[in-house]
Amino acid sequence: MAAKKPSSAIDMAELDPVLHGVGFEMQEVSPSLLSGRLPVTERCCQPFKVLHGGVSALVAEGLASMGAHMASGYRRVAGVHLAINHFRSAALGDVVLARAVPVHLGRSTQVWEVKLWKMDPSEEGKKGPQISESRVTLLCNLPVPDNLHHAGDALKKYAAAATTTTPTSKL
């Protein structure tokens, strides 16, 4: 089962400072499922007061990279391709739900699917309309440099409760 902790229990500044910078809150961390929420605030909006498409891409690459890092046995990973389709916008004040799952876990490459939805404001935790869908391809057989062996420590800490590689929920 994925490590499901209250978002306050996962220190995003420690786990991913860039995602932390836009306000992303991690909810589930495992090699088979990552999920979290993003309150749409001024710092992640474009001038028309809607979620910036680049922030959606940042969330997709960030979640896929963390998942690939875990699924590869904590080897170094590198994104080589990101494709994203934006279906609708999320406005200032909305909350976006993000979920990432692996599509292909190979020896040298991985492909992850990342979907974002607006959360339904009338019912806590319920997904509303989907706003984007991404495919992220990563190299996953890269050696970790000797001076960076600690790079995955925060991810290992938060994924320690994960006991299976079967997703606990569906996209």
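The values are calculated or read from the model by the stated rules, or taken from the named source; none is laboratory data. Computed from a prediction, not measured in an experiment: that's the story for all the values here. Methodologically, a virtual Cβ is constructed for each residue, glycine included, from the backbone with ideal geometry; neighbour enumeration extends over all protein chains shown. For the accessible areas, the whole protein counts, side chains as well, though only heavy atoms, and no ligand, DNA or RNA atoms are used. Shrake-Rupley method; radii C 1.70, N 1.55, O 1.52, S 1.80 Å.
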(request) Note the per residue figure in Å³ for the convex hull of the C-alpha positions in the chain. (result) 110
(request) Find how much the distance from ARG75 to GLN46 grows on full extension, using 0.36 nm per residue of separation minus their present alpha carbon separation; answer in nm with one decimal. (result) 7.0 nm
(message) Lysine pairs in the chain with Cα distance under 12 Å, only those 8 or more apart or on different chains: how many are there?
(response) 5
(request) Keeping the other protein chains in place, figure out the carbon and sulfur percent of the accessible area of the chain, with a 1.4 Å probe. (result) 54
(message) Using only the alpha-carbon atoms, how far is helix 53-71 inclined from the longest principal axis of the chain? Give it as 0 to 90 degrees, nearest 10.
(response) 30
(request) Note the full-extension length gain between LYS126 and VAL111 as 0.36 nm times their separation in residues minus their Cα-Cα distance, in nm to one decimal. (result) 2.8 nm
(request) At 0.36 nm per residue, minus the direct Cα-Cα distance, what do ARG37 and LEU148 gain on full extension? Give it in nm, one decimal, please. (result) 37.1 nm
(request) Pick out, from LEU19, PHE48, ALA64, the residue whose Cα sits farthest towards the positive end of the charge dipole of the chain, with +1 on the Cβ of Lys and Arg and -1 on the Cβ of Asp and Glu. (result) ALA64
(request) Compute the signed sum of charges (Lys and Arg +1, Asp and Glu -1) over the other residues within less than 14 Å, Cβ to Cβ, of SER108. (result) +3
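Mean residue ellipticity at 222 nm from the helices of the chain, using -39,500 (n - 2.57) per DSSP H segment of n ≥ 4 over the full residue count, to the nearest 500 deg cm²/dmol? Write out the running numbers ahead of the final one.
On the way: 4 runs with 36 residues, N = 171.
Rounded to the nearest 500, the figure is -6000 deg cm²/dmol.
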